[in-house]
1. Considering segment 30-58 alone, what residues qualify as being of a type in the set (Gly, Ala, Ser) and either crowded, with 16+ Cβ neighbours inside 10 Å or more than 24 Å from Val169 (Cβ to Cβ) (or both)?
2. Can you tell me which residues in segment 107-120 are within 23 Å of Leu179 (Cβ to Cβ) and modelled with pLDDT under 95?
3. Residues in segment 159-178: is at least one buried (at least 17 other Cβ atoms within 10 Å of the Cβ), among the hydrophobic types (A, V, I, L, M, F, W, C), out of contact with any strand residue (DSSP E or B) (no Cβ under 9 Å at 6 or more places or on another chain) and touching a residue at least 40 places away in the same chain (Cβ under 8 Å)?
4. I need every pair where a residue in segment 36-53 that is more than 14 Å from Leu124 (Cβ to Cβ) has its Cβ under 6 Å from the Cβ of a residue that is assigned to a helix (DSSP H, G or I) and modelled with pLDDT of 95 or more, sequence separation at least 6 or different chains.
5. Scan Glu134, Glu148, Glu181 and give me the residue that is in contact with a strand residue (DSSP E or B) (Cβ under 8 Å, 6 or more places away or on another chain) and either farther than 11 Å from Arg62 by Cα or among the aliphatic types (A, V, I, L, M) (or both).
6. Cβ-Cβ under 6 Å, sequence separation 6+ or interchain: first residue in segment 1-29 and under 17 Å from Leu159 (Cα atoms), partner among the charged types (D, E, K, R) and part of a loop (DSSP other than H, G, I, E, B). Which pairs?
7. Conditions: (1) surrounded by fewer than 16 Cβ atoms within 10 Å (Cβ to Cβ); (2) on the phi > 0 side of the Ramachandran plot. Leu76 meets all but one. Number of the miss?
8. Taking segment 5-45 on its own, how many of its residues are within 15 Å of Leu88 (Cα to Cα) and touching a Leu at 6+ places or on another chain (Cβ under 6 Å)?
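The values are calculated or read from the model by the stated rules, or taken from the named source; none is laboratory data. In this text the structure is predicted, and so the values were computed from the model without any measurement. In this analysis, Cβ positions are derived from the backbone assuming ideal geometry, glycine residues included, and neighbour counts consider all displayed protein chains.
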Amino acid sequence: MKTPRSFATALANTRLPAVFNPYRDSCPIHDRFDAPLVRKRNLTQCLEAALDAHVDTMWIARDLGYRGGRRTGLPLTDEVHLASASTLLGGITLDRATRGPIVAERTAAVIWSVLAHIGAPVVLWNVFPFHPHEAADPMSNRCHSRSERNATWPLLMALIAMIAPRRIVAIGRDAGLALAEIDVPVTMVRHPSYGGQAEFIVGVHALYGLDRPHRDDATLELPFAHAASGVPA
């Protein structure tokens, strides 16, 4: 797992119950016929571009969400922001893996608005690299279990070794606790969901030494994202 391609292949070879692996599994309702390959290619392209650009920072949250990374193959990135990810990483090609209307995710909207303000690429990832869901509801989100984390921890360590980041930003308390004992400096910021949006924005701006955002920036209301989803974020 020393290259983006071998890393993506290792992800695709992993199977766990009540977990959607976007690099292996296909959703019969929303996915294109080649969706796992598209998502695997998206991830490989992003990691290769990050290595070429010598990106030295990772932002790591907890799990993939069913409206974001489950669909795109890119952590903390929904379909609305595939173009933003492409631009920030030098114009790489990123494709949709799904059919039907574009779906937005509120967390991704906040993440990518802040990244646009910072103007510097980061490697986005999750402690648990797949989408854990309730057994009877594949379109739900749940926290991954300790056994699931243990099963995929070598993948996280392999990615950190590959990127060799100077620093890691843990997004949310769960991610911060999970990353507490790794050998790379970790700074925790509030997760933007559940009322933490303004604190997340202020925390990241402070970490990057940027001016505190104006009130309009801090709220980051993005009507286009909600309209694209067809459902409330």
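1. Looking only at segment 30-58, we keep the residues that are of a type in the set (Gly, Ala, Ser), and these are 35, 49-50, 53.
The answer is Ala35, Ala49, Ala50.
2. Kept after step one, since they are within 23 Å of Leu179 (Cβ to Cβ), are these residues of segment 107-120: 107-108, 110-112, 114-115, 118, 120.
Those that are within 23 Å of Leu179 (Cβ to Cβ) and modelled with pLDDT under 95: Ile118, Ala120.
3. Yes, the conditions are met somewhere in segment 159-178.
4. Within 6 Å, the pairs are Lys40/Ala8; Lys40/Ala12; Thr44/Pro4; Thr44/Arg5; Thr44/Ala8; Glu48/Pro4.
5. Matching residue, one of Glu134, Glu148, Glu181: Glu148.
6. Ala12/Arg24
7. Unmet condition: (1).
8. The number of residues fulfilling the criteria is 1.
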